[in-house]
1. Kindly indicate whether A:L126 is crowded, with 16+ Cβ neighbours inside 10 Å, touching a strand residue (DSSP E or B) at 6+ places or on another chain (Cβ under 9 Å), within 27 Å of A:R37 (Cβ to Cβ) and not assigned by TED's automatic domain parsing to the domain that holds A:I40.
2. For the range A:89-103, what are the residues that are loosely packed, with under 13 Cβ neighbours inside 10 Å and within 14 Å of chain B (Cβ to nearest Cβ)?
3. Determine which single condition B:Y251 fails, assuming it passes every other condition in (1) at pLDDT 95 or above; (2) more than 17 Å from the chain's Cα centre (by Cα).
4. Test of understanding: among B:I48, B:I128, which residue is closer than 26 Å to A:R143 by Cβ, part of a helix (DSSP H, G or I) and touching a residue at least 24 places away in the same chain (Cβ under 8 Å)?
5. Which one is modelled with the lowest pLDDT among residues in the range B:141-161 that are in a loop (DSSP other than H, G, I, E, B) and surrounded by fewer than 15 Cβ atoms within 10 Å (Cβ to Cβ)?
6. Which residues, counting only those in the range A:29-88, are within 9 Å of chain B (Cβ to nearest Cβ) and acidic (D, E)?
7. Applying the selection to the range B:123-143, what residues are among the aliphatic types (A, V, I, L, M) and in contact with a Ser or Thr (Cβ under 9 Å, 6 or more places away or on another chain)?
8. For the range B:201-243, which positions are more than 18 Å from the chain's Cα centre (by Cα) and more than 14 Å from every other protein chain (Cβ to nearest Cβ)?
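The values are calculated or read from the model by the stated rules, or taken from the named source; none is laboratory data. Not measured: the values here are computed from a predicted model. Cβ: placed from backbone, ideal geometry, glycine included. Neighbour counts: every protein chain shown.
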Amino acid sequence: MSIEDEFERLWRRIKEIERSIREYVEEEFRKALEDIRNEIRSIDRMLMPSWSHEGYLRPLYTVKDVGNAYIIYLDLPKADEGSIDVRFKGNLIMIKAKLKEGLRLSNWSSRGSEIKFHEYREVIELPIRIDPSKVRVSIKRGRVQIVVYK
Amino acid sequence: MYVEVYREEFLGDFRFIEYKPFRLQKPAYAIIALPDAGLVGVIGAWHIVKSLELEEVGGIDSYSFLPPVIVVSNKEIKLPVRIFAKDDLLLVYSEFMLPQAGMVQLSRVLLNYIERKGVEYIVLMSGIPIQNRFEVEKLRTYYITTSPKASELLKDVEAIPFENGYLVGPYALLLKESIKLRLDSIMLLTESFLEFPDPEASAKNIKVFSRIIGKSIDVKDLLEQAEVIRIRARDTMKNVVRNLAQMRKEYEYTPPLHI
């Protein structure tokens with residue numbers, strides 16, 4: 001093997017290593033950014049009360065990445081299952097559901113006791129653009145499962 | 001209204017207050033209800049307090065490990081960790097989750113306090129998160145005991161031994177401390193949600209518990225009120241999930257490599 005070939009081989013190897021390092025750094029950077037975004041979102045959610053003076057409740061929800069899909073579970077106790085409305089826009093899922101009956105906090109807390117709640121409202125952000133034709137929604141005993149295929 | 005202090009005791013960084021004298025009948029049982037998966041323990045404990053009409057006899061506070069909070073209950077100021085008692089039952093209840101260092105210390109001093117109160121059996125009730133809880137309707141209850149004497153109580157109950165796996169969180173610490181102090185403890189774990197309040201799982205634990213102590217506790221009201229409880233418990237659940245994530249609760253899903 002000539003010295004040029006040897007040099008060419010070495011150069012290709014250097015380029016391969018450079019590419020793997022760059023991919024590794026980019027991937028780690030993406031993960032770190034995602035973690036920070038999740039952390040900020042979770043702090044936002046923590047500080048945000050689960051009810052609004054405008055008369056709506058915010059449901060508990062969880063988002064799980066299962067590889068080929070995101071599975072979102074929402075807890076909607078006392079929701080009128082026929083009124084559960086799930087819409088998609090870009091990477092957002094918008095959920096609304098009417099309560100079976102108006103609800104007050106007055107029996108449980110002095111704070112916000114004058115407000116009557118009529119519905120649930122929530123907007124959930126996913127890291128991917130949602131294709132509504134690749135979504136499955138199921139409802140069981142006031143709990144909603146949304147499967148968003150990637 | 002002020003808190004009447006009948007007796008006060010400092011154990012480590014925790015202040016135990018008794019509002020009135022109380023004595024437990026023998027054999028005495030203690031329930032410790034702390035926030036964990038699906039709030040199964042605290043929801044169940046609150047139902048027991050109401051059903052058996054337990055009396056609030058004391059509380060626990062800590063400036064080092066608990067948030068600067070008081071509980072106002074029917075115009076009366078109470079401490080964040082509440083102690084109830086009646087006949088042969090003592091119940092310790094907290095909706096607040098302590099940081100890990102605080103939980104380690106609380107486990108030690110609380111079990112020490114409970115032992116000195118003459119309690120013979122400690123019952124811990126919680127949920128065991130399952131990933132397919134959304135689909136499951138018939139919930140299984142598992143148990144873990146710290147002594148053969150405690151296992152005797154589970155002979156004729158609808159619960160199966162938890163044979164292999166991990167347990168993460170406040171109850172894991174209480175079990176470790178129970179073993180260290182040679183206390184007879186029983187842990188009941190009913191299949192539940194991790195992130196959503198799960199009153200159905202609480203009801204299942206209560207059914208098993210009532211068989212253990214030989215006292216009937218009706219769960220009809222708890223099941224009827226399940227939806228309202230799920231709404232009320234949303235904020236507590238939200239805060240607990242964050243703390244459970246820091247404790248690496250998801251590790252419970254991991255099968256051990258060696259059994």
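1. It is true that A:L126 is crowded, with 16+ Cβ neighbours inside 10 Å, touching a strand residue (DSSP E or B) at 6+ places or on another chain (Cβ under 9 Å), within 27 Å of A:R37 (Cβ to Cβ) and not assigned by TED's automatic domain parsing to the domain that holds A:I40.
2. If the condition is that a residue be loosely packed, with under 13 Cβ neighbours inside 10 Å and within 14 Å of chain B (Cβ to nearest Cβ), then A:E101, A:G102 are the ones that fit.
3. For B:Y251, the exception is condition (1).
4. When all the criteria are applied, what remains is B:I48.
5. Taking the range B:141-161 and keeping what is in a loop (DSSP other than H, G, I, E, B), we get B:146-147, B:153-159.
Filter once more, keeping what is surrounded by fewer than 15 Cβ atoms within 10 Å (Cβ to Cβ): B:155-156, B:158.
Values: B:K155: 89, B:D156: 85, B:E158: 90.
Taking the candidates together, the pick is B:D156.
6. Answer for the range A:29-88, where residues must be within 9 Å of chain B (Cβ to nearest Cβ) and acidic (D, E): just A:D75.
7. Scanning the range B:123-143 gives B:V123, B:L124, B:M125, B:I128, B:I130, B:L139.
8. B:G214, B:K215, B:S216, B:D218, B:K220, B:D221
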